[in-house]
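K.L.:
Below: one structure in C-alpha cells.
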Amino acid sequence: MNPLFLTVPLLSLQAPPAPLPEVAARDLPPAPRGPLVSELRDAGGGEGPMGQARRGARSGPSMPALQLPAGSVRVTDKIQDISGWRAYAIQVPGGGTVRAHVVEGRKAWFRVLGVNAWGQEEAGLLQNRIQTGEPEATYKNPTSETRTIYFIVDTLDPDMVGEAFTLEVTRG
C-alpha cells in the first residue's frame, strides 16, 4: 500500500489552529517610550490643507506607542487622529521572530512598518523593504539579547480618522 495514501486522511484530521486572543487597543498600556519619528516618506500625505495638517501632526521627536503583551495576539484598534498612524512596542527575545499583519479593515489602505527606537531599520528588519502586497512587517532578532521593536500601522490616505483595523501579531 502507498504510504502517501495513508497520510492524506491524517492531515485532514488535524485540528485547526486555536484562535489568537483578542485585545482592544484601549486596554493596552502605553509603552515607556515610542520610536523617534522616522524619515520615511508619508505615502498618504497630500499638498492641500489636509496634507499640511497631517505633516504637522507627524512632526515631533517621537510618537506614542502601546505596549503589546507577551505571546501572539489580535489587536482591534482604530486610527486615532489626523497623523494617520499608530505605534506598538514589542519585546523580542534573542533569536525570536515576530510578524505584524493588518488582517481586517480596509487592508489596501494600510501599511505596516517595522523600526527600532530610533525610527530606523536595522538588521532583522531589512527584509521589509521588499513589498509583499500585504500590510505586514516582520522582525527576526539576530542577537542573543532581547530587543524592543516598534510596528507602526500607517494609513495611505489622509482622511482615515476613526478607521477600524485588526492587527495580528504572531511570534515564532
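The values are calculated or read from the model by the stated rules, or taken from the named source; none is laboratory data. Owing to the predicted nature of the structure, the values given are computational and were not obtained by experimental measurement. Glycine also receives a Cβ, built like all others from the backbone with ideal geometry; neighbour counts cover every protein chain displayed. For the accessible areas, the whole protein counts, side chains as well, though only heavy atoms, and no ligand, DNA or RNA atoms are used. Shrake-Rupley method; radii C 1.70, N 1.55, O 1.52, S 1.80 Å.
K.L.:
Could you compute the net charge surrounding Tyr139? Neighbours are other residues with a C-beta less than 12 Å from the C-beta of Tyr139; K and R count +1, D and E count -1.
P.N.:
+1
K.L.:
Which whole-Hz couplings ³J(HN,Hα) result when phi for each residue of segment 115-131 is put into the Karplus expression 6.51 cos²θ - 1.76 cosθ + 1.60, θ = phi - 60°, listed in order with x for Gly and Pro?
P.N.:
9, 8, 5, 8, x, 10, 6, 8, 3, x, 10, 5, 5, 6, 5, 8, 6
K.L.:
Can I ask one more? Using the Cβ atoms and a cut-off under 15 Å, what net charge is assigned to the surroundings of Glu39, where Lys and Arg are +1 and Asp and Glu are -1?
P.N.:
Charge balance near Glu39 sits at 0.
K.L.:
Roughly how many Å is it from the Cα centre of segment 37-102 to that of segment 110-141, as a whole number?
P.N.:
Taking the Cα centre of each part, segment 37-102 and segment 110-141 sit 12 Å apart.
K.L.:
For Glu22, what charge total do you get from the other residues with a beta carbon under 12 Å from its beta carbon, if Lys and Arg give +1 and Asp and Glu give -1?
P.N.:
-3
K.L.:
Hey, what angle do you get for helix 49-58 against the long axis of the chain, alpha-carbon based, 0 to 90 degrees rounded to 10?
P.N.:
Long axis of 49-58 versus the principal axis of the chain: about 70 degrees.
K.L.:
Report the full-extension gain for the segment Arg55 to Ser144: residue separation times 0.36 nm, less the Cα-Cα distance, to one decimal in nm.
P.N.:
This chain segment gains 28.3 nm when fully extended.
K.L.:
Sticking with this one: Under a plain spin-label model, where a point goes 7 Å from the Cα along Cα-to-Cβ, how far apart in nm are Thr97 and Trp118?
P.N.:
2.6
K.L.:
Next up: For segment 74-172, what class follows from the C-alpha gyration tensor (a ≥ b ≥ c being the square roots of its eigenvalues): rounded when a/c is under 1.5, otherwise prolate if a/b is larger than b/c, else oblate?
P.N.:
Prolate.
K.L.:
Now for a separate question. Determine the order of Trp85, Trp109, Trp118 by accessible area, beginning with the largest, at a probe radius of 1.4 Å.
P.N.:
Descending accessible area places them as Trp118, Trp109, Trp85.
K.L.:
Applying 1/(1 + (r/R0)^6) with R0 = 45 Å to the Cβ-Cβ distance of Arg41 and Ala18, what FRET efficiency is obtained, to the nearest 0.05?
P.N.:
0.70
K.L.:
Could you sort Arg171, Arg106 by accessible area so the largest value comes first, with the probe set to 1.4 Å?
P.N.:
Putting Arg171, Arg106 in descending order of accessible area: Arg106, Arg171.
K.L.:
Now a separate question. In percent, what relative contact order does the chain have, based on Cα pairs under 8 Å that are 6 or more apart in sequence?
P.N.:
Over the chain, the number comes to 30 percent.
K.L.:
Accessible area of Arg86, 1.4 Å probe, to the nearest 10 Å²?
P.N.:
50
K.L.:
A further question on this structure: Quick one: angle between helix 3-12 and the longest Cα principal axis of the chain, in degrees between 0 and 90, rounded to 10, please.
P.N.:
Roughly 50 degrees, rounded to the nearest 10.
K.L.:
Heavy atoms of the protein only, probe of 1.4 Å, neighbouring chains included. What is the accessible area of Tyr150 in Å², nearest 10?
P.N.:
It works out to around 10 Å².
K.L.:
In debye, nearest 20, what is the charge dipole magnitude of the chain about its Cα centre with +1 on Lys and Arg Cβ and -1 on Asp and Glu Cβ, if you could check?
P.N.:
200
K.L.:
Testing the spin-label approximation: label points 7 Å from Cα along Cα→Cβ at Ala25 and Leu156. State their distance in nm.
P.N.:
Modelled inter-label distance: 1.8 nm.
K.L.:
Projected area of the chain, taken from the Cα convex hull and averaged over every viewing direction, in nm²?
P.N.:
Approximately 12.3 nm², given one-decimal rounding.
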